[in-house]
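Undergrad: Attaching a single structure in structure tokens format; questions to follow.
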């Protein structure tokens, strides 16, 4: 298992957290998504390393912005 952490900008409420969790969680191979609303940190556990573009597309689909580290 691989754990990756991303920063997402624009989340302000529980609905935001649910949207990001659902979209990122739908990426094949993802087994867990934890979102910290206060920091904008999204921690993803997956079977193998994820392509950042794939994660960015999922976050965009949810309506938010993935911030480069």
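Undergrad: Could you please let me know if residue 33 is touching a helix residue (DSSP H, G or I) at 6+ places or on another chain (Cβ under 6 Å), at pLDDT 95 or above and not in a strand (DSSP E or B)?
TA: no
Undergrad: Go through region 46-69 and report how many residues are outside any helix (DSSP H, G or I) and over 14 Å from residue 16 (Cβ atoms).
TA: Step one: of region 46-69, the residues outside any helix (DSSP H, G or I) are 46-51, 63-69.
After this cut, where a residue has to be over 14 Å from residue 16 (Cβ atoms) as well, the list is 46-51, 67-69.
Summing the residues that are outside any helix (DSSP H, G or I) and over 14 Å from residue 16 (Cβ atoms) in region 46-69 gives 9.
Undergrad: Quick one: which of 32, 51, 36 is at negative phi, without any contact (Cβ under 8 Å) to a residue 40 or more places away in the chain and in contact with a strand residue (DSSP E or B) (Cβ under 7 Å, 6 or more places away or on another chain)? Write out each step before concluding.
TA: Details: 51 fails: in contact with a strand residue (DSSP E or B) (Cβ under 7 Å, 6 or more places away or on another chain); 36 fails: in contact with a strand residue (DSSP E or B) (Cβ under 7 Å, 6 or more places away or on another chain).
One residue alone meets the criteria, 32.
Undergrad: Which of the residues belonging to region 1-27 are assigned to a strand (DSSP E or B) and surrounded by 17 or more Cβ atoms within 10 Å (Cβ to Cβ)?
TA: 6, 8, listed by residue number.
The values are calculated or read from the model by the stated rules, or taken from the named source; none is laboratory data. Remember, predicted model here, so these are calculated numbers, not experimental data. When we count neighbours, we look across all protein chains shown, and the Cβ atoms used for this are built from the backbone with ideal geometry, even at glycine.
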